[in-house]
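I have placed the structure first, in the form of structure tokens, so that the comments after it can refer back to it.
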Amino acid sequence: MTYHKPNLSRRAFLATSGALSVAVLGGGLVSVFRDAAEAQDLGRSEINAWVSIARNGRVAIRYTSGEMGQGVSTSLPLVLAEELDADWSMVDALQVDQGPPATFGNPLINNILYTAGSLSIAGYFDRMRRAGATARRVLVHSAAASWRVPVGEVTTEPGFVVHGRSRRRMSFGEVVALPQLVTDVPAITDADLKPREQWRLIGSDVGRLDVPEKARGAITYSIDVRLPGMVYAAQLLAPVEGETPTVTTDTDARAVPGVVDIIPLRNAVAVVAETWEAALAARELLKVEWSNTSPFRSTDSAAELKELAAAAADPAREAFPWETRGDARAALRSSARVISADYSTEYVYHAQMEPLAAVAAVDADGKGAEVWLGTQSQTVSIGIAAAVLQTTPDRIRFHAMQMGGGFGRRTFFARDLLRDALLISKQLKRPVKLMWTREDDVKNGWFRPATAHRLEAALDSNGDVTAWRHRVVSASILAFAMPDNWAKANNRDFLVMEGAESADYAIPNLIAEHVIADRRTRVAAWRGIGWGPNMFARECFIDELAAAANADPVAFRRRLLRNNERGLRVLDAVVAISKFGTAPQGRAHGLSFAGYKETRAAGVAEVSVDGEGRVRVHRFWAAVDPGVAVHPNNLLAQVEGGIIFGLSGLLQERITIAGGEVQQSNFYDYEPLRIGDIPQIEVQIVESGAAPTGAGEIGVPMTGAAVANAIFALTGRRQRQMPFGQVRS
Amino acid sequence: MPTLTVNGNAVDTNADPQTPLLWVLREHLGLTGTKFGCGVGSCGACTIHLDGEATFACQVPLEAAVGHKITTIEGLSPNGDHPLQRAWIAEQTPQCGYCQSGQIMRAAALLAANPKPSREDIIDGMAPNLCRCGTYPRIARAIERAAQEG
């Protein structure tokens, strides 16, 4: 037998190396740390919270966002390295496992360590630049002092500090080996940052730092962690949310060789064994009776879709305004011509390739633990672990593991899975790896909720949209996933509603509103968050309005974007690269203008429909404006991936629930697109130079309407209910 | 105690003979480059070579693997420099990376049997392997590159 310790050397143990203090960023002085034991071993100097440099010149740059495939482990260090003037070949990226939110939190996500919403680049871009510039300044001042020359005469070249007049140079490694570093450097101002024309790393296509290891299968995910003395836990989970085990007959299960214990938990019975296969075998023999009082027993997804549609059509149902411009109600009432249409989406599952898993080793006193978790939030997960053990966060030694896909699934899952792993480890006084099978992962998924949309618009005699109403009916994701935030949210659920404000379109009278439906199952954000369903409905409706106004879809959108230069540029770009409207015989094109947050984007699908009504997407073009493309090749990869993710959802993904039980089990009945199903994809980046925004979600929102509009162009049939891989008549 | 031949080495395991090879490799032998995705042969994350054939490790009981040559991603090449691994880097294929060991092992078996595959051959050959990040376009390009550059 062998065991494998996860690769810990690449990780930064900020909370446990107590000698480190917190750097002041964005103003004031920067502390330099030379006293951490680990740092001394490596001859490594902590320049600030984000950068340490070793005497051999290796530059370690920390990044906080979790890596789940979106490329932050390269793109965030790249931004810092730019201002530091580092030699990129000397850079190592270190995942921040934990650390003070004041230093490491994402300013766009309540200043906590949280990775979601394509907000890593947007949230950390400025901070990483300033951290890099500050670190560079420490090196410059230190070298100047050593050379006894004015600071103003010292500059940098990649990896070196240079004094041109005396032709002296020191590598960054030589600088940190100086007897004294000058720590007392002036704060960085905007004017100290490199102007864009001097960038040599931002906007370049360096290789992703994680790719070589991923090509060797050498990355450790939480599901891969193995520890000495570790036991394995499988769970027999309640078939319906809210039920609990009442009677457990475990005689046969306990007789399986290797079984250590059978432990009833709140929503499951855990089977713990010396091997994973023993845990699975024993789980098969377990007989559990469940309580039958959960209100979720009555959940029926087909009936719910009808309820949501009825609520969308019922003007008496209370709706909470998300966006109001002008007076849409009055304008719709007084308009001679009002068009309306209804759209819907169904439950979809994240299907991240790594099933959820948590590894925990609780301390002997039960008041602390070491945890290995693939999570979208270190702060939330550490908080949960501390609460479970009734301890303080400093007692949780946390490892933020590479995630085998996230897509929104790993935001709050730790609430249950991590809790159970900790309880089991605490009870058995052994490290535990708790794994879900794919079936567990599907049946206990947190799904993007089903939605219904009613769109209404007034068209004047010129064919202009004078009033607009977008009514969304959906359970609140925020209320379930982030109850503390929901309590303060004033019924504004950005995870459901974002996008419905349609801020890019010049519509004088507009209301977007949310009818908050009862939650019928566990819900979560899904790649693209509310933009997916909302842009599907909106951009299908725009095509319907264009048809009603006898306008072509491009011209109609161009008029709506008349005040929006960035929007027009991506629209025009995608029309150009797709040669929109010139699909070959038997195919048709469909257009969608649908970005994500501040990222503007538009897409065109080329579609055919076979004799049995099956939809095939042959080609897909996209134009995206992320402001600045920090790492263009990875941006392209993210947009490609997002398009495929979106197409998969709209063509063939659907979770159904009957009697409160999820009816799908595994990839054979919830099947994402395979390689043979995907179109040829072409993506054009249209940089506006605005502040950089995210990449992970952009591809998804544009897909739904592009394909639906293409199907209409080809068949004359509107596709208003997603999924529609089989054309509805 | 069954003896397996994994990546050219004879290794003993005390696992039950019915244990899926996937768990033996991952949890008993620590070869975690082979991934668990579905357990039912639907996703390909656990693809290994059994006597050179691409095989779902989750579908092979330990006893059926005894006497056969098992190759995992860790043993595909001595230094991680198989033409496909180089091509995977050149095309910047992986995103989350979780499915990529299985993709590379499937592609390696494909190229071994068909060194100059057409795009259609690649699409057909790679059909068993899912990727949720949507790296398929780059998987196909990387296989074409490896076939060309060898």
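Just checking, which of A:605, A:588 is more than 25 Å from residue A:528 (Cα to Cα), in contact (Cβ under 8 Å) with a residue 12 or more places away in the chain and among the hydrophobic types (A, V, I, L, M, F, W, C)? Even if it seems obvious, please write down each step before you answer.
Numbers: A:605 fails: more than 25 Å from residue A:528 (Cα to Cα).
Sole residue among the options that is more than 25 Å from residue A:528 (Cα to Cα), in contact (Cβ under 8 Å) with a residue 12 or more places away in the chain and among the hydrophobic types (A, V, I, L, M, F, W, C): A:588.
Can you go through A:108, A:84, A:78, A:113 and tell me which one is among the aliphatic types (A, V, I, L, M), touching a helix residue (DSSP H, G or I) at 6+ places or on another chain (Cβ under 6 Å) and closer than 23 Å to residue A:161 by Cβ?
Result: A:84 is the single residue among A:108, A:84, A:78, A:113 that is among the aliphatic types (A, V, I, L, M), touching a helix residue (DSSP H, G or I) at 6+ places or on another chain (Cβ under 6 Å) and closer than 23 Å to residue A:161 by Cβ.
Just to verify a result, which residue in segment A:200-230, among those that are outside any loop (DSSP other than H, G, I, E, B) and under 28 Å from residue A:361 (Cβ atoms), is farthest from the other protein chains (Cβ to nearest Cβ)?
So in segment A:200-230, the residues outside any loop (DSSP other than H, G, I, E, B) come out as A:211-215, A:221-224.
Next, from what is left, pick out any that are under 28 Å from residue A:361 (Cβ atoms): A:213-214, A:221-224.
Numbers: A:213: 8, A:214: 3, A:221: 6, A:222: 11, A:223: 7, A:224: 4 Å.
So the residue we want is A:222.
List the number of the failed condition for residue A:662; all other conditions in (1) under 18 Å from residue A:536 (Cβ atoms); (2) hydrophobic (A, V, I, L, M, F, W, C); (3) more than 23 Å from the chain's Cα centre (by Cα) hold.
Going through (1) under 18 Å from residue A:536 (Cβ atoms); (2) hydrophobic (A, V, I, L, M, F, W, C); (3) more than 23 Å from the chain's Cα centre (by Cα) one by one, residue A:662 breaks only (1).
Looking only at segment B:47-63, filter to residues that are more than 24 Å from residue B:1 (Cα to Cα) and either free of Cβ contacts under 8 Å to residues at least 60 places away in the same chain or among the aliphatic types (A, V, I, L, M) (or both); which one of those is farthest from the other protein chains (Cβ to nearest Cβ)?
B:53
Test of understanding: among A:206, A:211, A:225, which residue is out of contact with any helix residue (DSSP H, G or I) (no Cβ under 6 Å at 6 or more places or on another chain) and closer than 30 Å to residue B:101 by Cα? Walk me through how you get there before you give the answer.
Values: A:206 fails: out of contact with any helix residue (DSSP H, G or I) (no Cβ under 6 Å at 6 or more places or on another chain); A:211 fails: out of contact with any helix residue (DSSP H, G or I) (no Cβ under 6 Å at 6 or more places or on another chain).
Result of the check over A:206, A:211, A:225: A:225.
Failed condition for residue B:79, given (1) under 30 Å from residue A:66 (Cβ atoms); (2) crowded, with 17+ Cβ neighbours inside 10 Å; (3) more than 7 Å from chain A (Cβ to nearest Cβ), with all others met?
Just one mismatch for residue B:79, condition (2).
Looking only at helices (runs of 4 or more DSSP H) that fall completely inside segment A:463-532, which ones have 3 or more residues that are buried (at least 24 other Cβ atoms within 10 Å of the Cβ) and modelled with pLDDT of 95 or more?
Working: elements: A:477-481, A:483-487, A:494-497.
By residue number, A:494-497.
To keep it simple, each residue is scored yes or no on (1) touching a residue at least 24 places away in the same chain (Cβ under 8 Å); (2) in contact with a helix residue (DSSP H, G or I) (Cβ under 9 Å, 6 or more places away or on another chain); (3) of a type in the set (S, T, N, Q); (4) not in a loop (DSSP other than H, G, I, E, B).
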residue	(1), (2), (3), (4)
A:669	no, yes, no, no
A:681	yes, yes, no, yes
A:684	yes, yes, yes, yes
A:692	yes, yes, no, no
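Give the residue that is surrounded by the most Cβ atoms within 10 Å (Cβ to Cβ), with candidates limited to residues of segment B:49-76 that are of a type in the set (Gly, Ala, Ser) and within 25 Å of residue A:280 (Cα to Cα). Break it down stepwise before answering.
The initial filter retains those residues of segment B:49-76 that are of a type in the set (Gly, Ala, Ser), namely B:52, B:54, B:57, B:64-65, B:67, B:75.
Retained after the next criterion (residues that are within 25 Å of residue A:280 (Cα to Cα)): B:57, B:64-65.
Working: B:57: 28, B:64: 15, B:65: 24.
Among those that are of a type in the set (Gly, Ala, Ser) and within 25 Å of residue A:280 (Cα to Cα), it is B:57.
Only one residue in A:154, A:149 is of a type outside the set (D, E, K, R) and surrounded by 19 or more Cβ atoms within 10 Å (Cβ to Cβ), so which one is that? Outline the logic, then answer.
Working: A:149 fails: surrounded by 19 or more Cβ atoms within 10 Å (Cβ to Cβ).
Just one listed residue meets the conditions, A:154.
Quick one: residue A:580 ticks every box in (1) in contact with a Lys or Arg (Cβ under 9 Å, 6 or more places away or on another chain); (2) within 26 Å of residue A:462 (Cα to Cα); (3) not basic (Lys, Arg) except a single one, so which number is it?
Single failed check for residue A:580: (1).
Quick check on residue A:369: is it under 30 Å from residue B:44 (Cβ atoms) and of a type in the set (Gly, Ala, Ser)?
no
Can you pull out the residues in segment A:655-682 that are more than 11 Å from chain B (Cβ to nearest Cβ) and surrounded by fewer than 19 Cβ atoms within 10 Å (Cβ to Cβ)?
Scanning segment A:655-682 gives A:656, A:658, A:659, A:661, A:663.
The values are calculated or read from the model by the stated rules, or taken from the named source; none is laboratory data. Since this is a predicted model, take the numbers as computed values, not measurements. Positions of Cβ are backbone-derived with ideal geometry, glycine not excepted, and every protein chain shown enters the neighbour counts.
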